[in-house]
Amino acid sequence: MYSLPEKIENLVPYEPCSGEYRIRLDANESFLPPDFSLYSDALKSVSLNRYPDSTAEKLCESFAKFYGIDARFVTASNGSDEMLFILANCFLSRGDKVLTLSPDFSMYDFYASLAECNLYSMPKREDMSIDADAVIKELNSSNYRMLIFSNPCNPTSLGLAREDVRRIINSTDALVVLDEAYMDFWDESLIEEAQNYDNLIILRTCSKMMGMAALRVGFAIANDKITAAIRSVKSPYNVNSLSQAAAAAVLTHGDMLRSNLKKIISSRDWLYENMKEICENKGISLSKPATNFIFFKPKNAANVFDGLKAKGILIRKMGDYLRITAGSPEENKELIAAAALLL
Ligand SMILES: *Cc1c(COP(=O)(O)O)cnc(C)c1O
């Protein structure tokens, strides 16, 4: 009789959410989808009978141009999620030591475990900030092969200063996977200097600030040697032609993206200021967000979550904490009005 491998025996499919909600503030998406007219011509020119461009050349060039970097350091993937899977399975061997920080994006531990690595998830400070010196000390205490963390962090919404990230990368021979999924909302990126390190891979995505989560497009930025290795191990046609065409076209509209970014940031600031006022009255602490979402620990997370859900508003509950994505101004207003009665 066939039996499943032990490592996947007890896994269950990922279920982001089920049911219909009027207001979705649970997945950190942008509330501003790019206008169809910006990519409709690009879609029309796609030949569905042909395999995609395996190098996603146009897409990588549009991405590189938007950030003012060289496309030779850029590799596209089917969401950064696929890149995490590739890195865990091809850049690590069974039993390799992997360091992650806690709390952080749950997929890091998931993929490292699936790759049968020896994982240590190191707790962050009490206030959820990252202690760079403690991370360096841990890296040097053992033969780690990889460190993965997000900056700014999902779910804490806190950022680590560029100089601290540089110190961490320079302190170790381990490969540092620096997930900058939310760096568009902050200003401490290492994207322009990624190629200067021999042990750094930066991940970026079109799913958050750019408003293209549906396309599943992510990127890895690294030096020539690491980039060649990523391109050699990825599956050849990992990014489909429709996504390549649409994302490449949208990425050429830098002014539109920057204008949307401003709108998301002002929505985020409004959400933060208003939630902070409610929280302060209840003795709940709320840190200034470095992303497009807020993260805090109310007195009773389950009550707030369920109460919002009953009103058709979906947010994310993570243990005793809540994570709420900045929505449109109208969505934020509804959320705040409802939360004021529940918190
Ligand atoms: C949303 C998110 C991503 C993006 O994943 P995609 O697969 O590109 O949609 C990556 N890392 C973190 C920390 C995220 O929150």
Probe 1.4 Å, all protein chains in place: accessible area of Cys90 in Å², nearest 10?
70 Å²
What dipole magnitude, in Debye to the nearest 20, does the range 138-211 give about its Cα centre under +1 on Lys/Arg Cβ and -1 on Asp/Glu Cβ?
180 debye
With a probe of 1.4 Å, find how much accessible area the chain has per residue, and write the answer as a whole number in Å².
48 Å²
Among Leu322, Leu271, Leu114, which one moves the most in a GNM of the chain with springs linking Cα atoms closer than 10 Å?
Leu114
Please get the size of the charge dipole for the chain, origin at its Cα centre, with Cβ charges of +1 on Lys and Arg and -1 on Asp and Glu, quoted in debye to the nearest 20.
420 debye
With all protein chains present, the chain has a carbon and sulfur share of its accessible area (1.4 Å probe) in percent of 49 percent
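Any of Lys276/Lys299; Lys97/Lys137; Lys262/Lys311; Lys288/Lys311 with alpha carbons more than 18 Å apart? Name them for me.
Pairs exceeding the cut-off: Lys262/Lys311; Lys288/Lys311.
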Rank Arg316, Arg24, Arg50 by accessible area, highest first, at a 1.4 Å probe radius?
Arg50, Arg24, Arg316
Starting from the Cα gyration tensor of the range 97-198, take the square roots of the eigenvalues, sort them a ≥ b ≥ c, and report rounded, prolate or oblate (rounded when a/c is under 1.5, otherwise prolate if a/b is larger than b/c, else oblate).
rounded
Full-extension gain between Glu277 and Ala134, please, as 0.36 nm times their residue separation minus the C-alpha to C-alpha distance.
48.1 nm
Return the calculated 222 nm mean residue ellipticity for the chain, to the nearest 500 deg cm²/dmol, obtained by summing -39500 (n - 2.57) across DSSP H runs with n ≥ 4 and dividing by the residue count.
-12000 deg cm²/dmol
Please compute the contact order of the chain in relative form: average sequence separation of alpha-carbon pairs under 8 Å and at least six residues apart, divided by the residue count, as a percent.
24 percent
Dipole check, the range 140-251, charges on Cβ (K,R +1; D,E -1), about Cα centroid: among Pro155, Phe219, Asn140 the Cα furthest to the positive pole belongs to Phe219
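The values are calculated or read from the model by the stated rules, or taken from the named source; none is laboratory data. Bear in mind the structure is a predicted one, so any value in this text is a computation, not a measurement. Because the Cβ atoms are built from the backbone with ideal geometry, glycine has one as well, and the counts that use them run over all protein chains shown. When the accessible area is computed, the model is the full protein with side chains, heavy atoms only, and any ligands, DNA or RNA have been set aside. Shrake-Rupley method; radii C 1.70, N 1.55, O 1.52, S 1.80 Å.
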